[in-house]
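Worksheet for the structure shown next.
The values are calculated or read from the model by the stated rules, or taken from the named source; none is laboratory data. The structure displayed is predicted, hence computed values, not measured ones. Cβ placement follows ideal geometry from the backbone for every residue including glycine, while neighbour counts extend to all protein chains displayed.
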């Protein structure tokens, strides 16, 4: 995004002197609960692998090899052999296999020998022909068109059951089009001799994708324009997953997609409602609520360890770059449509997770990078090992849809006294808008009252019957009041988010009541842009001029930064502050009491699904004034009187995860 030269464009504005601001690694984003991380670690042990000082291990692809060896690609263009990754204590040895590649983001073994790597501009086969441990053949299998945008990543490859290879191509960023060259935003299939065949379109940033052990293809998407939140979508030939940039090539020879650019408009409706108007729009199988289950969803893997990695065999796991954590996914097919639930799994990783891969003995490896975007994990790079300790966690193992609710199965028997109480649970539904703006707040949120609970005789499941369920909507299912039969433990993670694309047929355990329909009306969301005492968006009546005593133009920069981190005003000055968001993400400006910016940011993160409707502004006396949550290329202006007490007043962006990096000081000077 081009940085605005505000001093030239707005000569009358006060452009305060900039200050150097390099927050420590420990400040990045909001750290997870240490008690939760410690509890998670007792079941799934996390072991960081030490990296030599001369190795920049921004791991972007991991391939487990026989003999407990790993091949790891880095986004800096190198591939390393890693030996000793399974040792206890960890003492890995790194040997360079290849260098000079262009941001490789995946690696697999080639059936005819060597390895396939997806570089930014091509699919490459690498071979070590002389056995010296270094690649000496770099064979171009297929070229990918690129325009030069930093956002044109190429992910994969993944070996298809038919012996071909598949890759996913990121769209470019900004400009008149985000697919300036062919097949940006598509999944492609490539034969070993280099023939490229389009499979599906509508992808935005498909960092993670995979084929399951049953031959089904799924990909993970990142929130952005036309993408309300992170999600996992089942892809078949001809599918359109929602991002319209790729449709620029839908008339090209070989295109499998029938939707055309002119079929898309800014619908401003929940995505499941748009799908009724737009045949061919593929709904996600599982939504990952933004800021709750990640902000930059990444690598996707299936647990094929047959129980070596714990009680979740056959389920999927997905990493997240921004929040440095891993979520768990269970899926089922109902009336021919994939759907399922997302669950929290493991937090506390050293850096942002890009890749997940299973090795021998049921061990999972995580490849990590902060990439300049920042991450909850304070490190800039990382390679970590995750393994089951053998202890059984008390978890919701799986949620499955029922004709009138959901069936929750547990990893251990539940305490019947708590599990049979409807008040031990809660269910609510919501969705995300399908529109061209960046992301979406949760919309049409509605409670789904629980009418009946039936616990199985063995205590391993509970069937919840509720009303107000809606097809296509995400349903937040909480079981916070349930305890284990042994030890009266709470669930390690008590919440699941189930995407209910189809309500199954079958026997109900509650009747359909006509009066229930009166309760099933989605509430009207609060108006987030209204003028309030803390969001003073109207010129005060006692001001002589709308410009006040001073005008401040505050902008943003890529990498979660304000364009100024030190502003200065006189005590009691009348301030007109214009906040202009030139970044590609949502931001706001929140002025706080001295020294309270980080606590306000943490409180905003804790708002969860309710945060968006509140502009992520927590109820706090430490919040003095704030702008609205501002879209990319948007702006908001507020008018306020500076505090009369001199001092350094914090200002932050309170969008979840931003405050620790995106912060500054408003210095109030004596008159």
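Take residue 634 and tell me if it is surrounded by fewer than 21 Cβ atoms within 10 Å (Cβ to Cβ), farther than 29 Å from residue 293 by Cα, without any contact (Cβ under 8 Å) to a residue 60 or more places away in the chain and in the same structural domain as residue 593 (by TED's automatic domain parsing). Step through it out loud before you land on a result.
Numbers: surrounded by fewer than 21 Cβ atoms within 10 Å (Cβ to Cβ): yes; farther than 29 Å from residue 293 by Cα: no; without any contact (Cβ under 8 Å) to a residue 60 or more places away in the chain: yes; in the same structural domain as residue 593 (by TED's automatic domain parsing): yes.
Taking the combined requirement at face value, the residue does not satisfy it.
Select from the stretch 293-312 the residues that are over 14 Å from residue 345 (Cα atoms) and assigned to a loop (DSSP other than H, G, I, E, B) and write down the one among them that is modelled with the lowest pLDDT.
295
Take residue 591 and decide whether it is surrounded by 23 or more Cβ atoms within 10 Å (Cβ to Cβ) and closer than 20 Å to residue 323 by Cα. Write out each step before concluding.
Details: surrounded by 23 or more Cβ atoms within 10 Å (Cβ to Cβ): yes; closer than 20 Å to residue 323 by Cα: no.
For residue 591, the condition - surrounded by 23 or more Cβ atoms within 10 Å (Cβ to Cβ) and closer than 20 Å to residue 323 by Cα - is not met.
Residue-by-condition table, conditions (1) buried (at least 18 other Cβ atoms within 10 Å of the Cβ); (2) at positive phi; (3) not in a loop (DSSP other than H, G, I, E, B):
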{"site": "531", "(1), (2), (3)": "no, no, no"}
{"site": "535", "(1), (2), (3)": "yes, no, no"}
{"site": "540", "(1), (2), (3)": "no, no, no"}
{"site": "543", "(1), (2), (3)": "no, no, no"}
{"site": "548", "(1), (2), (3)": "yes, yes, no"}
{"site": "552", "(1), (2), (3)": "yes, no, yes"}
{"site": "559", "(1), (2), (3)": "no, yes, no"}
{"site": "564", "(1), (2), (3)": "yes, no, no"}
{"site": "567", "(1), (2), (3)": "yes, no, yes"}
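So which residues in the stretch 197-215 are surrounded by fewer than 19 Cβ atoms within 10 Å (Cβ to Cβ) and assigned to a strand (DSSP E or B), if there are any at all? Spell out the reasoning first.
Going residue by residue through the stretch 197-215, those that are surrounded by fewer than 19 Cβ atoms within 10 Å (Cβ to Cβ) are 197, 211-215.
Within the stretch 197-215, 197, 211 meet the criteria.
Residue 328 versus (1) closer than 21 Å to residue 440 by Cα; (2) part of a strand (DSSP E or B): which is the lone unmet condition?
(1)
Could you tell me whether residue 401 is outside the structural domain of residue 561 (by TED's automatic domain parsing) and farther than 23 Å from residue 314 by Cα? Show your work before the answer.
Working: outside the structural domain of residue 561 (by TED's automatic domain parsing): yes; farther than 23 Å from residue 314 by Cα: no.
When the stated conditions are applied, residue 401 does not pass them.
Given the options 412, 368, 423, name the one that is in the same structural domain as residue 214 (by TED's automatic domain parsing) and either crowded, with 24+ Cβ neighbours inside 10 Å or over 17 Å from residue 297 (Cβ atoms) (or both). If you could, list the steps in order and put the result at the bottom.
Details: 412 fails: in the same structural domain as residue 214 (by TED's automatic domain parsing); 423 fails: in the same structural domain as residue 214 (by TED's automatic domain parsing).
The unique qualifying residue is 368.
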